[in-house]
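Worksheet: one structure, shown below.
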Amino acid sequence: MAKLDEIWSRIGSVTMNEVVVAVLEDEIEVHKSRLNPSHSKIDILYLQDTISMLERRIKELQEKN
């Protein structure tokens, strides 16, 4: 998280975990919007796997708090 660490002093009154979770949630929405039944099954599985991985990361961060 080097890039986030660089700008952290400019971010308001939220925790770093809250910012990271918000970014990951936005990424999940982007990937969900890209799910299209007309894509190949491999593409769909890739996106679903990516979404699952991001959701697991969010859960991991939330359990730290």
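Here are some values of Rg and Dmax of the Cα atoms in Å: (1) 13.0, 40; (2) 13.7, 41; (3) 14.5, 44. Which one was computed from this structure?
It is the value labelled (3).
Could you check how much of the accessible area of the chain is carbon and sulfur, as a whole percent, using a 1.4 Å probe?
54 percent
Any idea of the accessible area per residue across the chain, 1.4 Å probe, to the nearest Å²?
About 79 Å² of surface per residue is accessible.
For every helix of n ≥ 4 consecutive DSSP H residues, a contribution of -39,500 (n - 2.57) applies; sum these over the chain, divide by its total residues, and give [θ] at 222 nm rounded to the nearest 500 deg cm²/dmol.
The per-residue figure over the chain is -24500 deg cm²/dmol.
What net charge do the residues around SER40 carry, taking every other residue with its C-beta under 15 Å from that of SER40, with Lys and Arg at +1 and Asp and Glu at -1?
Summing Lys and Arg as +1 and Asp and Glu as -1 gives 0.
Does anyone have the angle between helix 41-64 and the longest principal axis of the chain? Alpha-carbon axes, 0 to 90°, nearest 10?
On a 0 to 90 degree scale, this one is about 20.
Could you please report the charge total around GLU25, scoring K, R as +1 and D, E as -1 over all other residues with beta-carbon less than 11 angstrom from its beta-carbon? Mind showing how you got there, number by number?
Working: positive: LYS32, ARG57; negative: GLU18, ASP26, GLU27, GLU29, GLU55.
Here the charged neighbours net out to -3.
Placing +1 at every Lys and Arg Cβ and -1 at every Asp and Glu Cβ, with all other atoms neutral, what dipole size does the chain have around its Cα centre, in debye to the nearest 20?
In total the dipole reaches around 100 debye.
The values are calculated or read from the model by the stated rules, or taken from the named source; none is laboratory data. Keep in mind that what you see is a predicted model, and the values were worked out from it rather than measured. Cβ atoms come from the backbone with ideal geometry, glycine included; neighbour counts cover every protein chain shown. These accessible areas exclude ligands, DNA and RNA; they are computed on the full protein's heavy atoms, side chains included. Shrake-Rupley method; radii C 1.70, N 1.55, O 1.52, S 1.80 Å.
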